[in-house]
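Student: Handing you a structure now.
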Amino acid sequence: MKNKILFLMLGMFLLIGTLGFTSALTWTNVSGYWSFDDGSGTNINDNTTGSLHNGTLVNGNELAWKSGASCKLGGCLDLLASNDYAFFGTTLTDGYNDWNDYGNNFALSFWINRRSFTDAGIITKSIQGNSYGQFTLSGDSNKMYLRLNNSGTVYTNTGSTNINQWDFVVVQYNQSFVNYYINGVFNSTQAVTVNNLANDSSIILGVYFNGGQNANYTIDELGFWNRTLNAIDITELYNSGSGLAYGDASTSILVNITSPSNNSILTSTSNLFNVSLSMTGTNLDYEWANNTYHIWYSNGTTRNVTTITGLSTNSTSTSKLFTLGYGNYLLDSYACYNNATFGNCSWGTSNYSFGINSSINSETHNAVGYETASETYILNLTSPAIPTNAYLVYNGTSYSTTITSSGGSIYTLSKTLQIPTSQIGSNTFYYKWNLSSTFAENTTTYNQYINNTIFGLCNATLTIPYLNITFKDEATNGYINATVPSSTFLYYLGDGSITKTLTYSQTVNQTNYTFCGLPSNQTYHVNPYFQYKLGTDYPQRIWNPDLTDYTNSTTNVTLYLLSSTDGIYVTFQLVNTADQLVSGVAASGTRTINSVLTTIASGTTGNDGSVVFWVNPDFETNFTFIKSGYTTYTTLLIPTQSSYTITLSGETAVTGYDYSRGISYIINPKERDLDNNTIYNFNYTLYSTYWDVENFGFSLRLRNGTVLTSASSATNGGYISVNLNTSNYTRIIMDYYYVTNSTYTNFTTSWYVIDTTYNGWSIRTFFNDLNSYLDSGIFGIDEFGRYVLIFFVIFLSIGVLSYKFGLTSPVVLSAMLFAIIFFFDVVVELLPTPINAIPHSLTFLSALILIVLLIKEAQTG
Amino acid sequence: MGLAILSFLAVLIIGLMFVNFLLPEVTTFRTDMSCSSADTISDGTKLLCLFGDATVPYVIVLIISLGIGAITSRLNI
């Protein structure tokens with residue numbers, strides 16, 4: 001039993017041995033193998049073990065032996081078409097004895113370089129002078145002819161063989177077919193019916209079966225096999241065209257791309273590509289010559305072809321730095337090797353793919369979201385460049401994302417969205433960004449399901465209570481029922497930019513109202529406006545607290561109602577310090593009920609600045625009024641009045657105030673024209689009877705903005721001055737201001753500086769002196785006196801002219817009036833400008849009157 | 001007509017030559033009276049300064065009037 005098992009195992013091993021390793025040539029069933037490396041003499045050595053099948057060269061002498069570039073591998077035999085030939089056998093006619101024991105299958109493998117296509121014998125195994133023998137292989141034209149078993153039937157290859165070129169030929173027979181392989185490639189097969197070959201004989205090279213028709217060729221690495229060869233055997237023997245010596249393993253060429261890795265993503269546009277070049281086998285006298293990098297775009301378009309030359313040895317590597325743009329690429333390497341007689345090239349094992357683009361590290365989002373909630377979407381990626389123009393595209397709408405660097409090549413794209421109420425159900429989104437102005441990337445599509453958000457009265461669907469409202473009588477502190485004439489609950493889960501509203505009312509008295517939320521694991525931000533009452537016995541109150549967060553830990557709220565016999569309506573009117581109505585003030589009233597501080601009123605002032613509460617006038621109640629920008633106002637009182645006015649102070653900005661109220665000022669010098677090279681006292685006197693002036697001052701500058709001097713004071717009005725020499729300035733501008741209630745009010749005035757060299761006697765000097773004398777006071781004539789004087793001048797001038805020349809037309813009179821006012825106001829500037837009036841307002845007014853009269857005259861005329 | 005214009009020009013030229021003599025006197029008058037210091041001089045001084053300021057313009061207006069008078073008398077207007 002044991003022996004049976006052993007034999008079975010041996011058989012299996014042999015079977016596996018014959019089946020599992022057919023991928024490599026085995027030098028078995030080699031009837032003879034001749035490399036023709038002898039170099040001289042007449043003996044042709046058989047390379048198989050024991051050299052049992054040596055051959056004999058006849059008539060070839062030393063010229064038949066070739067080597068080097070004339071041969072395929074090592075040495076070779078050159079048979080001239082004269083009388084050279086060689087035979088392998090005990091004699092010319094007898095083959096070797098052991099060949100008789102071989103079966104009928106055979107194969108011939110050899111390298112041949114034919115010098116002519118003359119029909120001649122190449123290899124024959126026959127007795128010369130007789131028929132074709134076991135086989136005769138001859139050449140004619142560009143084909144080879146095989147005849148078997150003395151039969152004249154010809155078996156040829158398809159296509160053509162070459163002349164003056166080495167070809168590797170395998171021709172074989174297995175009783176069913178004859179196969180040809182040319183240069184390692186299957187060429188043809190033909191069915192045969194010969195089962196037994198003729199009697200054995202020697203193998204003869206270079207002559208026909210009949211001893212004539214010498215061939216003219218060189219032959220190398222001749223193998224005579226007593227079996228057929230398979231395709232792998234033939235490929236190994238062909239050895240990529242370099243041939244294979246007896247016993248050798250074919251040389252395996254390995255072009256291995258070591259960097260980048262296949263299907264890798266590179267994070268830089270500049271990368272080192274490495275290729276390892278090696279070879280295995282027994283014929284390692286090859287050396288690497290060059291290596292060519294081939295890079296294609298993913299669509300097959302060539303991107304780069306770079307050849308590295310100057311290689312050596314049979315094992316080496318190449319490195320090349322490539323700078324490529326963003327995108328996806330294919331890479332392969334084509335390396336060439338050679339020795340003294342043969343060269344060939346080989347591609348890498350396969351195309352590698354790589355990309356210079358971003359790789360996604362992670363993406364974070366909630367698989368399920370809710371209406372009105374804040375949902376955050378985060379994409380973490382490794383990128384060769386800073387992403388720009390990054391967007392989250394949610395259901396087709398693009399939202400700009402925040403791009404954050406996490407260090408190195410790691411970036412985060414993030415976006416927080418407030419989920420609108422229109423996206424319930426399945427939603428899809430993806431991210432997109434640019435690595436450059438021409439290269440855009442995007443992720444795959446992600447999914448998110450958005451659920452409803454509901455805040456409403458508890459029912460079969462809404463089961464988790466968030467808010468429970470009960471009612472009590474404020475006087476008795478006992479529980480009572482209530483109805484809800486109207487209520488709205490504005491609620492949301494996120495930041496409030498998206499909200500939902502619950503509108504609820506109930507006309508039937510209820511002891512309590514419970515509101516639930518769905519989803520029930522979220523915090524709801526709710527702003528209730530809840531009107532409640534109990535018939536006519538308990539007037540309506542409003543519960544309107546600030547925005548409040550409610551969770552599934554139920555919040556219990558007790559609202560108080562006050563009987564109609566116990567309360568009064570009290571109106572609170574809110575105003576600011578300027579007596580302006582203030583709306584949007586959060587008002588509340590609290591009082592202690594059974595030792596508990598309880599809110600009994602809450603509301604917000606409307607556009608009329610008022611809020612009305614139903615309160616108990618018998619108890620002290622604390623009222624608080626809050627609005628952003630104002631100081632919180634709290635008052636404790638017994639609300640016996642029907643109305644109260646509350647003034648909120650401390651507002652940061654008040655609009656609509658008249659900051660000129662109660663303000664007056666005097667600017668000197670009064671004259672409009674100043675003499676050059678003269679020191680003047682520029683002063684500014686400010687009076688304020690209403691506002692508290694915090695600061696006032698002035699600066700003197702030139703037209704180009706150069707500040708000459710300035711003065712200021714932090715008092716509530718007063719006098720400030722500076723002395724300034726007018727030098728040769730042409731114009732001096734004063735910017736003067738005052739600050740009240742943090743509001744800056746400013747004005748500008750100016751003086752012309754006149755060269756007084758030749759104008760000391762002009763009539764302008766008269767009016768300048770008149771102006772300054774009137775300002776400083778002359779004979780007690782003040783501003784009113786000035787107006788009176790000018791009035792008399794106007795009256796007398798117009799009166800005299802009218803009387804003298806009979807001028808009664810309103811147009812003429814108003815024209816004269818305009819002329820005189822223009823002279824006194826603009827020319828000599830005797831008329832002062834009222835505060836807050838535009839300069840020369842009286843001139844404009846008189847001009848307007850003149851224009852109106854002219855138009856009227858034209859219309860009637 | 002030509003004689004009228006000549007008369008006008010003669011009056012104007014002679015008159016302005018006369019004005020030249022007034023100019024330094026007016027300047028001296030203004031300096032001595034301190035007419036520019038409105039805050040320090042008395043009301044009477046101010047009034048005198050105003051008269052002094054009006055002197056030259058008044059004389060110029062007078063000369064022009066005389067010149068126009070010369071033209072009109074020549075032309076018997």
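Student: Under the rule a/c < 1.5 gives rounded, and otherwise a/b versus b/c splits prolate from oblate, where does the protein assembly as shown land using the Cα gyration tensor? Kindly include the intermediate steps, with their values, before the conclusion.
Tutor: Values: a/c = 5.23, a/b = 2.13, b/c = 2.46.
It comes out oblate by the Cα gyration axes.
Student: Based on the Cβ-Cβ distance from A:T388 to A:T118, what FRET efficiency comes out when R0 is 45 Å, to the nearest 0.05?
Tutor: 0.05
Student: What's the angle, to the nearest 10 degrees (0 to 90), between helix A:841-860's Cα axis and the longest principal axis of chain A?
Tutor: That helix lies at roughly 90 degrees to the long axis.
Student: Just checking the output field for A:776-784: average partner chain Cβ neighbours within 10 Å of each residue's Cβ?
Tutor: 3
Student: I've got another one for you. How well do other chains shield peptide A:807-818, expressed as the mean number of their Cβ atoms within 10 Å of each residue Cβ?
Tutor: 0
Student: Okay, next question. Which three semi-axes in whole Å describe the equivalent ellipsoid of segment A:663-793, each the square root of 5 times a Cα gyration tensor eigenvalue, listed largest first?
Tutor: On the way: eigenvalues 149, 96, 23 Å².
Each semi-axis is the square root of five times an eigenvalue, giving 27, 22, 11 Å.
Student: So what's the angle, to the nearest 10 degrees on a 0 to 90 scale, between helix A:2-20 and the longest Cα principal axis of chain A?
Tutor: With rounding to tens, the tilt is 70 degrees.
Student: Given a Förster distance of 35 angstrom, what is the FRET efficiency for A:I781 paired with A:S802, based on the Cβ-Cβ distance and rounded to 0.05?
Tutor: Once rounded, the FRET efficiency stands at 0.80.
Student: Okay, moving on. Extending each Cα 7 Å along its Cβ direction at A:T558 and A:S405, get the distance between those two points in nm, one decimal.
Tutor: 6.1
Student: For a quick size check, give me the Cα extents of segment A:51-180 along its three principal axes, largest first, whole Å.
Tutor: 38, 36, 26
Student: Loop sites only, by DSSP: take the trypsin sites (Lys or Arg not before Pro) in chain A that have at most 15 other C-beta atoms within 10 Å and name the longest stretch containing none of them.
Tutor: A:116-660
Student: In addition: Under a straight-distance cross-link criterion of Cα-Cα below 18 Å, which aspartates and glutamates are reachable from A:K143, leaving out those fewer than 8 residues away in the same chain?
Tutor: Cross-link targets: A:D119, A:D167.
Student: Residues with amide H under 5 Å of A:F273's amide H, sequence separation 5 or more or different chain, H placed in the peptide plane at 1.01 Å from N; which?
Tutor: Result for A:F273 returns A:K320, A:L321, A:F322.
Student: A further question follows. Given the -39500 (n - 2.57) contribution per DSSP H run of 4+ residues, what per-residue ellipticity at 222 nm results for chain A, rounded to the nearest 500 deg cm²/dmol?
Tutor: The per-residue figure over chain A is -3500 deg cm²/dmol.
Student: How do A:M144, B:M17, A:M816 stack up against each other in accessible area, from largest to smallest, with a 1.4 angstrom probe?
Tutor: Largest accessible area first, the residues go B:M17, A:M816, A:M144.
Student: Once you average over the residues of B:54-67, how many Cβ atoms of partner chains fall within 10 Å of each Cβ?
Tutor: Mean partner-chain Cβ count within 10 Å for B:54-67: 2.
Student: A:K670: which aspartates and glutamates have alpha carbons under 20 Å from its alpha carbon, excluding same-chain residues fewer than 8 sequence positions away?
Tutor: Excluding near neighbours in sequence, the set is A:D735, A:D755, A:D769, A:D775, A:D782, A:E783, A:D825, A:E829, B:D39, B:D43, B:D53.
Student: Could you pull out the chymotrypsin sites (Phe, Trp or Tyr not before Pro) across segment A:772-861 that fall in loop regions by DSSP (anything but H, G, I, E, B) with no more than 16 other Cβ atoms inside 10 Å?
Tutor: Passing both the DSSP loop test and the Cβ count: A:F779.
Student: Count charges around A:T765 for me, please; just the other residues with Cβ under 12 Å from its Cβ, Lys/Arg as +1, Asp/Glu as -1.
Tutor: -3
Student: While we're looking at this one, here's another question. Under 1.5 on a/c is rounded, so check that first for chain B, then, if it is not, pick prolate when a/b is larger than b/c and oblate when it is not; a ≥ b ≥ c are the square roots of the alpha carbon gyration tensor eigenvalues.
Tutor: Prolate is the answer for chain B, as a/c is 1.5 or above and a/b outweighs b/c.
The values are calculated or read from the model by the stated rules, or taken from the named source; none is laboratory data. What you are looking at is a predicted structure, and each value in this text was computed from that prediction instead of being measured. Virtual Cβ from ideal backbone geometry, glycine too; neighbours counted across all protein chains shown. The protein model used for the area step is the full one, side chains on, heavy atoms only, and it has no ligands, DNA or RNA in it. Shrake-Rupley method; radii C 1.70, N 1.55, O 1.52, S 1.80 Å.
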